[in-house]
């Protein structure tokens, strides 16, 4: 069974040296990034979610895209405002450092309550979240719709958008 950890942050602490990354460029989403985001997301999630990704981009407060020196997308993350808090997710990245820096870019200027739901197996990522003010509050259940098992993933999915997965 897949587990998700729900993290809440009431006061984000800006980490030292958070943006020292000379191999990657962190930028706001541009419409030309859509195909690259969908491809990266499909590899991370195990299914093409282009409609979901497009809807999530439209409702997001912020969408960060990460590119390497060859201009390939190697990560992305979004934040969506709800009445209770700002949800960070989904987050897809090639490694922990990119994922944690995406979280920083999405959280650094926000003064309210933050939430991120993290899949099991991301121990280093979760440790970094805890050092910047996030606290694990529970492990809510995951609901699978149209499937009895979770799809094959490549390990690049860090934060999810919600606890329901539609296969």
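Rule-based calculations on the coordinates, nothing more; no lab input. All values derive from a computational prediction rather than experimental measurement. Heads up, the Cβs are rebuilt from the backbone with ideal geometry, glycines too, and the neighbour counts pull from every protein chain shown.
Couple of notes before you dig in:
- Global form of the range 50-114, assessed from the alpha-carbon gyration tensor, a/c cut-off 1.5: oblate
- Distant alpha-carbon pairs in the range 1-115 (separation over 23 angstrom), percent: 28 percent
- Residues 126, 27, arranged from fewest to most other Cβ atoms within 10 angstrom of their Cβ, appear as 27, 126.
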